[in-house]
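Some notes on the structure that comes next.
The values are calculated or read from the model by the stated rules, or taken from the named source; none is laboratory data. Being a predicted model, the structure only gives us computed values, none of them experimental. Cβ: placed from backbone, ideal geometry, glycine included. Neighbour counts: every protein chain shown. To get the accessible areas, we keep the full protein, side chains included, count just its heavy atoms, and leave off ligands, DNA and RNA. Shrake-Rupley method; radii C 1.70, N 1.55, O 1.52, S 1.80 Å.
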Amino acid sequence: MPDLGFTVTGVEPAAHGLTPLLHFKLKIDAAPSQDEDGGIAMIESVILQVQIQIQSHGRSYNRTEREKLVELFGTPERWGQTLRPMLWAHANTTVGRFSGSIETQLPVACTYDFNIAATKYFHALEEGEVPLLFLFSGTIFYASPGEGLQVQQISWEKECLWRMPALRWRELMEYHYPNSAWICLHQDVFERLCEFKRRSGCATWEQALDQLLLQKPEPAAL
């Protein structure tokens, strides 16, 4: 039976993606696996599923990054308990016929939704690398001489760690949403913001929000 090994070797943005999409470069190695007749198994195809986790405890953070990450992890003195792996994405791809090794791409869709924890995390980073853990699963279709087509599940223990430059995500978002950011509001809050924009005579949403931010906040109720 074939034994597959996985290695992430790089990442680049999709050349002409309509939405933010990263292509991770993935190398797959099939360890030699011989049948009773001495033939080497041929991988016909692989249906690959990948879970990607952010290993947030695997890097350091500067002062500005720590301040921005309070919403996710609390104050830094608590990070010994709160800095835990975080799910980023699920991805999948299909790999064609090969023997020995092959290089392929793993497409990962990215979102700019600030209700998503991973978006808040990436947005807070200014420098360094992000430790990513790739967890692999899926199905291998292979053939050995005289045995016909065989099916095997990828071992649940297959994984690899790779460090992605933190600026790669920010560059991707800047390309798709230059000098912009996206927030999602509940309908009632949006209607109140619309009403404020009309009453204040603001021409743009930025002007309306600027006016609101300049207003003196009401004291908290005791």
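Prolate is the label for region 152-222, because a/c, from the alpha-carbon gyration tensor with a ≥ b ≥ c as root eigenvalues, is 1.5 or above and a/b exceeds b/c. Under a 5 Å amide H cut-off, with hydrogens placed 1.01 Å from N, residue 164 pairs with 130, 132 among residues at least 5 apart or on other chains. In the chain, a dipole from Cβ-located charges (positive for Lys and Arg, negative for Asp and Glu) runs towards its positive end, and of 41, 15, 124 it is 124 whose Cα lies farthest in that direction. Just from its helices, what would the mean residue ellipticity at 222 nm be for the chain, if runs of 4 or more DSSP H residues each count -39500 (n - 2.57) and the sum is divided by every residue, rounded to the nearest 500 deg cm²/dmol? Roughly -7000 deg cm²/dmol at 222 nm, from the helical runs in the chain. Taking amide H as placed 1.01 Å from N in the peptide plane, residue 41 has its amide H under 5 Å from the amide H of 33, 35, each at least 5 places away in sequence or on another chain. Evaluating 6.51 cos²θ - 1.76 cosθ + 1.60 at θ = phi - 60° for every residue in region 54-63, the Karplus couplings come out as 8, 8, 4, 7, x, 8, 9, 9, 7, 4 Hz, glycine and proline recorded as x.
Just the protein heavy atoms count here, and of the accessible area of the chain at 1.4 Å, carbon and sulfur take up 53 percent. Taking the Cα centre of region 140-196 as the origin and placing charges on Cβ (Lys, Arg +1; Asp, Glu -1), which of 166, 153, 176 is farthest toward the positive end of the dipole? In region 140-196, that residue is 166. Taking 0.36 nm per residue of sequence separation and removing the Cα-Cα distance, the residue 102/residue 3 pair yields an extension gain of 34.3 nm. Loop-located GluC sites (Glu not before Pro) in region 70-155 (DSSP state not H, G, I, E or B) with no more than 13 neighbouring Cβ atoms inside 10 Å: 126, 127, 147. Entry comment: accessible area of the chain is 62 Å² per residue, from protein heavy atoms only and a probe of 1.4 Å. Judged by the gyration tensor of its Cα atoms, with axes a ≥ b ≥ c, the chain is prolate; a/c meets the 1.5 cut and a/b is the larger of a/b and b/c. Taking amide H positions as modeled 1.01 Å from N, with prolines and chain starts lacking one, the residues under 5 Å from residue 158 and 5 or more places away or on another chain are 136. Packing-based ranking of 1-7, 148-154 yields 1-7, 148-154, ordered from highest to lowest mean Cβ neighbour count within 10 Å. Considering only Cα atoms, the convex hull volume of region 62-160 works out to 140 Å³ per residue. Restricting attention to the chain, lysine pairs at least eight places apart or on different chains and with alpha-carbon atoms under 28 angstrom apart total 8.
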